[in-house]
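Heads up, the thing below is written out as structure tokens.
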Amino acid sequence: MKYGIWKIHHAVTAAQIDAIPGCTPLLSAILQKRGLAEEPTRSEFLYGGVELLHDPFLLDDMDKAVARMRLAAERKEKIAVYGDYDVDGITSSCMVADWLGSNGFDCTVYIPDRVSEGYGLNRDALTRLHSRGVRLIITVDCGVTAVEEAAYARSLGMDLIITDHHECGAGALPEAAAVIDPKRPGSRYPNRDLAGIGVAFKLLSALEGEPEPVLLRWSDLIALGTVADVMPLTGENRMLVSAGMCKLRFDPLPGLAALIARAGAAGRRINSSIFGYTLAPRLNAAGRLCRTDLAVELLLTEDGDRADELAQELCELNRSRQQMEQTIWTQSRELLAEAGVPDGPIVLAGEQWHQGVIGIAASRLAEDYLRPAIMITFDGGEIGKGSCRSFGGFNLYEALAACSEYLVNFGGHALAAGLNIRRGQLEVFRRALTAYYNANKPVTDPALEIDLELRDPELLQLYCVESLELLEPYGNANPRPEMCIMDAYLESAHPIGNGNHLRLSIRKFGQSYACVFFGRTLETLSAREGDRIDIAFYPQVNEFRGRRNVQLLVTDLRRADPITLCRKLLKHEPLEPEEARRVCPERQDLVRVWRLLESCGGIVEGRPEVVFHVLDTGGEAGCVCACLMVFQEMGLLQLSIEDGILSCRTCPDAPRADLEKSEILKSLRRRACGGNPGRRN
């Protein structure tokens with residue numbers, strides 16, 4: 001089990017859901033849960049188009065940027081697009097450079113080397129660009145805090161148009177021809193959460209005079225950068241990603257089409273996950289391993305054959321990144337096995353770990369060990385570079401600030417950060433960070449927020465699951481709906497994907513459901529075939545050889561509470577037909593439980609799970625509970641529960657009773673016949 005707590009917001013059957021016109025019961029339930037049931041909010045969310053886009057001139061300095069670009073056209077100036085090495089920065093750089101080239105500008109793309117230069121503008125790069133004749137630089141996804149670098153560019157006679165989406169510094173903005181950032185203090189722009197490529201899109205829309213030409217050519221790039229940078233997918237951002245999904249389906253850029261094909265995803269249904277899990281990791285590998293030139297050429301080429309060659313190189317680069325990550329992961333596990341898992345954040349250091357990969361390894365450690373993780377590489381030097389990932393809501397930035405006396409420098413935010421540290425300060429930093437963590441530890445275990453507990457097989461019929469596609473694109477602020485089924489039967493579990501993932505089959509509501517559990521192995525699964533389980537999942541449509549079937553994409557799985565049905569029985573809650581079949585006692589069950597009661601002297605007391613275990617007749621606590629309730633109804637037993645203690649006392653003077661006259665037994669049998677008959681597991 002990955003999550004310590006499941007927060008289940010609603011438990012429903014199809015009949016309990018207030019249907020929304022034109023929507024399936026399942027879609028209706030999710031829209032209601034998210035406050036999207038009423039018009040016009042619902043139509044705007046499901047079908048909103050370009051009317052959701054805001055006027056780019058609401059962004060401060062947009063008019064100045066447009067005027068400076070017109071001047072550059074008159075002067076025929078050489079322009080550099082200066083980006084970042086992540087997916088948002090790469091896609092932004094390519095889109096702006098492609099637009100400039102299409103409009104007759106002489107332009108070049110510059111993306112700094114992740115290892116040797118680091119993030120953002122730097123003096124050496126500015127000097128090189130100036131020597132190549134560049135007189136105007138357009139930054140994308142960077143630059144809003146580059147005050148000193150902007151002053152240096154001005155001293156060289158170069159102007160800057162800064163487009164960025166990061167938080168502005170506490171001091172003055174950089175001196176530039178224009179600084180465009182929706183997070184500028186006092187900004188009138190309604191959407192503070194544009195990605196870097198979203199801000200660049202606004203610049204091009206202003207230059208074009210309308211957004212449609214930009215969307216027609218580059219909306220798949222805009223969607224990719226927005227999803228990869230984990231921007232909230234609501235309003236304007238949602239519309240941009242929706243448009244990009246459509247373009248990727250019908251008219252993708254040659255480079256993206258080639259990358260999808262080389263990744264083995266050709267023919268799959270296009271949704272937001274193809275941006276986040278197929279395209280983004282391969283482009284990210286180029287930035288992490290300092291080969292952004294491959295990604296830039298791929299996204300700019302119009303040659304299909306060349307695109308295929310570059311896509312193959314990127315896929316190979318991504319495999320190299322995965323191998324490096326696996327090596328670092330294995331070494332990290334060995335270090336933890338030797339030293340023990342700490343009572344606080346994990347802080348590990350290595351000599352040859354690749355700086356571009358340790359952040360992924362830190363994320364994996366944090367997820368697997370349920371605590372913040374910091375991975376540091378020294379590479380033979382005295383100053384180590386570290387990547388930090390948080391877990392469970394712990395504010396990592398504040399923690400690093402509290403321990404900053406042991407660091408050369410650090411930066412980032414609450415969930416992810418970077419640092420530089422001297423070798424000799426490593427151990428004292430580790431102790432200080434552990435002390436801070438234990439004094440400011442998150443008060444709760446990580447919780448899985450579950451929208452719906454499904455108590456009806458109709459909600460998992462194909463037409464219901466297909467309707468959830470209207471909620472796409474999923475992502476930040478619009479997550480995939482989480483659902484769960486309680487007390488299902490785990491029929492089978494088989495490894496797939498070289499043993500790194502699992503294919504499961506569960507049984508509930510009298511039918512079987514196929515499941516996939518990524519990142520989980522048989523060894524780490526918290527249940528075995530034949531167990532009763534609770535399962536959290538997102539239902540999706542799986543297409544194979546022209547057939548469409550429901551498949552459950554598992555988020556978490558745990559052994560079912562053995563007395564879940566007992567609680568329902570004791571509270572006289574209605575049971576599903578399958579549940580009734582499981583608990584409905586046969587005559588031999590009643591006889592065995594009575595004999596066990598007699599062997600205990602007619603008295604059994606304790607926590608309910610203990611009592612049901614003592615009187616167990618074959619593995620189903622609910623059946624034992626049903627027997628006891630029948631005995632109580634017929635005057636053979638006194639049954640009570642106080643302060644969590646269940647007391648069972650036989651009535652020695654009670655007359656013989658015909659148990660077949662029990663209304664509880666009759667009701668269970670009627671309910672059990674409400675579905676298809678089946679054996680009790």
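The values are calculated or read from the model by the stated rules, or taken from the named source; none is laboratory data. Predicted, not measured: the structure shown is a model, and the values here were computed from it. Quick reminder, even Gly has a Cβ in these numbers, built from the backbone with ideal geometry, and neighbours come from all protein chains shown. Accessible surface is based on the protein model in full, side chains and every heavy atom, while ligands, DNA and RNA are left aside. Shrake-Rupley method; radii C 1.70, N 1.55, O 1.52, S 1.80 Å.
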Checklist entry - Excluding ligands and nucleic acids, what accessible area in Å² is computed for GLU39 using a 1.4 Å probe, to the nearest 10? => result 100
Checklist entry - Once label points are set 7 Å from the Cα along Cα→Cβ at both ASP106 and ASP305, what is their separation, rounded to one decimal in nm? => result 3.1
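With +1 on each Lys and Arg Cβ and -1 on each Asp and Glu Cβ, how big is the dipole of the stretch 248-395 about its Cα centre, in debye rounded to the nearest 20? Intermediate values should be presented prior to the final figure.
Working: 15 positive and 19 negative charges, 111 e Å.
The calculation lands at about 540 debye.
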Checklist outcome for this item: Bridge orientation stat for the chain from DSSP, antiparallel percent rounded to 5, came to 60
Checklist entry - Hey, got a sec? Which trypsin sites (Lys or Arg not before Pro) in the stretch 580-629 land in a DSSP loop and have at most 13 other Cβ atoms within 10 Å? => result none
Next on the checklist: Rounded to the nearest percent, how much of the accessible area of the stretch 329-474 (1.4 Å probe, protein heavy atoms only) is carbon and sulfur?
Outcome noted: 49
Checklist entry - Of VAL81, ASN103, SER93, which is farthest along the charge dipole of the stretch 56-104 in the positive direction, counting Lys and Arg as +1 and Asp and Glu as -1 at C-beta? => result ASN103
Next on the checklist: Please report the carbon-and-sulfur percent of the accessible area for the stretch 1-67; probe 1.4 Å, protein heavy atoms only, DNA, RNA and ligands left out.
Outcome noted: 52
Item to check | Accessible area of LEU470 in the full protein assembly, 1.4 Å probe (Å², nearest 10) | outcome: 70
Next on the checklist: Can you give me the % of accessible surface on the stretch 196-307 that is carbon or sulfur? Probe 1.4 Å, all protein chains present, nothing else counted.
Outcome noted: 49
Checklist entry - Looking at the stretch 75-110, which trypsin sites (Lys or Arg not before Pro) are DSSP coil and have at most 13 other C-beta atoms within 10 Å of their C-beta? => result LYS76
Next on the checklist: Can you compute the charge dipole magnitude of the chain about its Cα centre, using +1 on each Lys and Arg Cβ and -1 on each Asp and Glu Cβ, nothing else charged? Give it in debye, rounded to the nearest 20.
Outcome noted: 1280
Item to check | Furthest towards positive pole of dipole, SER272, PRO254, LEU300, structure part the stretch 248-324, Cβ charges | outcome: SER272
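Full-extension gain between ALA67 and LEU570, please, as 0.36 nm times their residue separation minus the C-alpha to C-alpha distance.
Going from the current span to full extension adds 173.6 nm.
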Item to check | Accessible area per residue, Å², the stretch 425-577 with all protein chains present, probe 1.4 Å | outcome: 46
Item to check | GluC sites (Glu not before Pro) restricted to the stretch 24-53 and DSSP loop, no more than 11 other C-beta within 10 Å | outcome: GLU38
Checklist entry - Which percent, nearest 5, of DSSP beta bridges in the stretch 498-601 are antiparallel? => result 85
Checklist entry - Could you state the number of Å between the C-alpha centres of the stretch 267-283 and the stretch 396-472? => result 24
Item to check | Theoretical gain in end-to-end length, GLU469 to VAL115 [0.36 nm per residue, Cα-Cα removed] | outcome: 123.4 nm
Item to check | Magnitude of the charge dipole, the stretch 290-360, Cβ model with Lys/Arg +1 and Asp/Glu -1, debye to 20 | outcome: 360
Checklist entry - Mean residue ellipticity at 222 nm from the helices of the chain, using -39,500 (n - 2.57) per DSSP H segment of n ≥ 4 over the full residue count, to the nearest 500 deg cm²/dmol? => result -12000 deg cm²/dmol
Next on the checklist: With every protein chain left in place and a probe of 1.4 Å, what is the accessible surface of TYR47, to the nearest 10 Å²?
Outcome noted: 150
Item to check | Potential extension, VAL428-ILE496 segment - 0.36 nm per residue separation minus Cα distance | outcome: 20.1 nm
Checklist outcome for this item: Sorting PRO25, HIS9, ALA72 by the position of each Cα along the dipole of the stretch 1-109 (Lys, Arg +1; Asp, Glu -1; all at Cβ), the one nearest the positive end of that ordering is HIS9
